[in-house]
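**Q** Below is the structure I would like to discuss, written out as C-alpha cells.
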Amino acid sequence: MSHAVSIDDGDGPGSYAKKQRTVLISLIIDFVLWIPDIIAAVLSGSIVLFADAVKCGNEIIATFLAYLTIRKMAKGGAGAYDYGMGKMETITSVITGGVMIVSLMIVFVVALYRIAVPGELVHEGVLLGILLMVIGVSMNSYLWLKNYRFNQREPSPIMDSQWKLFRTKAFSDFTVLVSLIATLELSAFSWSLYIDPLASFVIAGFLLFSGYRVITTSLPDLLDKTLDEELQMVIVRHLAVFFHDYTALHGVRSRRLGNNVYIEIFLEFDGEKKMCEVQGIINRIKVSLEAHIAKSSVSVVPTSSAVCGGTIPPPPD
C-alpha cells in the first residue's frame with residue numbers, strides 16, 4: 001500500500017524544488033506505511049497480503065527513481081544536454097513498467113505455491129490487513145484521479161506512468177480487501193482456503209496490464225519514433241498554407257523527448273530571394289507550427305536537392 005504524492009510539471013527552479021520536496025516526503029511516507037503491510041502479511045499468513053507488500057516494495061523503488069529523475073532535471077543540462085533531459089523521464093517510465101513485471105512474477109510464483117500447499121489465515125492479522133486496505137483504496141483512488149488531472153494539463157512520461165501506477169494500486173488494494181473479507185466470512189467452508197491465492201492472480205493481471213502499457217508507450221519515444229499521424233497532418237496542413245513561399249519540400253524529421261516535441265523541416269527556397277526574406281518565411285512557419293503543437297520546437301532548414309541528394313541528412317548521434 002504505497003501512497004506517493006503527485007508530481008506537477010511546471011517549469012522553473014521554484015517549481016522543481018517544490019516537486020523534489022513533495023516526492024521526497026511521499027517517499028518517506030511510503031516507506032513508513034510499507035512496514036504495517038509487511039507486519040499484516042506475516043501475522044495473517046496471507047499470500048495476497050504478502051504479494052501486496054512485495055508489490056509496494058517495488059513501487060517504492062519506482063517512486064525513488066522518479067525522485068532522482070526530478071532532482072536531476074532540476075539541475076538542468078545546459079551545455080551538456082542541448083535537447084534537455086526528456087529521455088531520462090522516458091527511461092524512468094520504462095523502469096517503472098519493469099518493476100511492475102518483476103512484481104507480477106513474484107506474485108505468480110507465490111500464489112502457485114499456496115494453491116499447492118493451502119493454509120488457514122490468522123484472523124487478527126487479516127483484520128489489520130482489512131484496515132490497511134481500506135486506507136489504501138481511499139488514498140490511491142484520490143491520488144490516481146489527482147495525478148490523472150495533472151497529466152492531462154502537463155503530459156509527461158513520468159506523470160503518465162505515475163497515474164497508471166496509482167490506478168493499479170487502487171484496484172489491487174480493492175481486490176485484496178474483497179479477498180480478505182470473503183476469506184473471513186466463508187471460513188467455515190474448506191474451499192475458502194483458495195480464495196487468498198486466487199485473488200493474487202487478479203493482482204498479477206493488473207500488474208501485467210499496467211506494466212505492459214507503460215513499457216510499450218515509453219519505448220517508441222526512447223527509440224526516437226516519429227510523431228503520430230495526427231501531428232504529422234498538422235505539419236502538412238501548415239506547410240500547405242505557406243506553399244507559395246518555398247519551392248520544394250525535401251523532408252520532415254520529428255521526435256519526442258519527454259513531453260517536448262522536436263520538428264525539423266527541410267525546405268528549398270527561390271535562389272533569387274534575399275536571406276532576410278527567407279528568414280521571415282522561416283519565422284512565420286515556426287511561429288505558426290509551435291502555436292498549434294504544444295511544447296514543440298520547430299527548426300526550418302534551408303536546403304536544396306543538390307545538397308541533400310533528395311534525402312534528409314542523417315540525425316546526429
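Quick note: the coordinates plus some simple rules give every number you see, no bench work behind them. All values reported here derive from a predicted model rather than from experimental measurement. Note that each Cβ is placed from the backbone with ideal geometry, even for glycine, and that neighbours are counted across all protein chains shown.
**Q** For a label point 7 Å from the Cα of VAL42 along Cα→C-beta, name the residues of segment 110-125 whose backbone N is under 19 Å from it.
**A** Label zone hits: 121-125.
**Q** Can you list the residues, at least 5 places off or on another chain, whose amide H is less than 5 Å from the amide H of LEU267, using H built in the peptide plane?
**A** Placed amide hydrogens put HIS250, VAL301, THR303 under 5 Å from LEU267.
**Q** At 7 Å along Cα-to-Cβ for each site, give me the label-to-label distance between THR247 and GLU229 in nm.
**A** 3.4
**Q** If you don't mind, another one. For the pair PHE31 and ASN283, how long in nm is the line joining their label points, each one 7 Å along Cα→Cβ?
**A** In this crude label model, PHE31 to ASN283 measures out at 5.4 nm.
**Q** Just flag the GluC sites (Glu not before Pro) in segment 242-289 sitting in loop per DSSP whose Cβ has no more than 11 other Cβ atoms within 10 Å. Write out the running numbers ahead of the final one.
**A** On the way: sites: GLU264, GLU268, GLU272, GLU277; in loops: GLU272.
Hits after loop and neighbour filter: GLU272.
**Q** OK, next. So if we plug the beta-carbon distance of LEU112 and ASP270 into 1/(1 + (r/R0)^6) with R0 = 51 Å, what FRET efficiency do we get, rounded to 0.05?
**A** Numbers: r = 71 Å, r/R0 = 1.40.
Computed FRET efficiency for LEU112 and ASP270: 0.10.
**Q** To continue, here is another question. Going through the cross-link list LYS55/LYS295; LYS72/LYS295; LYS72/LYS164, which pairs have a Cα-Cα distance over 31 Å in this structure?
**A** Details: LYS55/LYS295 35 Å; LYS72/LYS295 20 Å; LYS72/LYS164 23 Å.
In this structure, LYS55/LYS295 exceed 31 Å between Cα atoms.
**Q** How long are the three semi-axes of the equivalent ellipsoid of segment 229-308, in whole Å, if each is the root of 5 times an eigenvalue of the C-alpha gyration tensor, listed from largest down? Write out the running numbers ahead of the final one.
**A** Details: eigenvalues 96, 34, 26 Å².
One finds semi-axes of 22, 13, 11 Å for segment 229-308.
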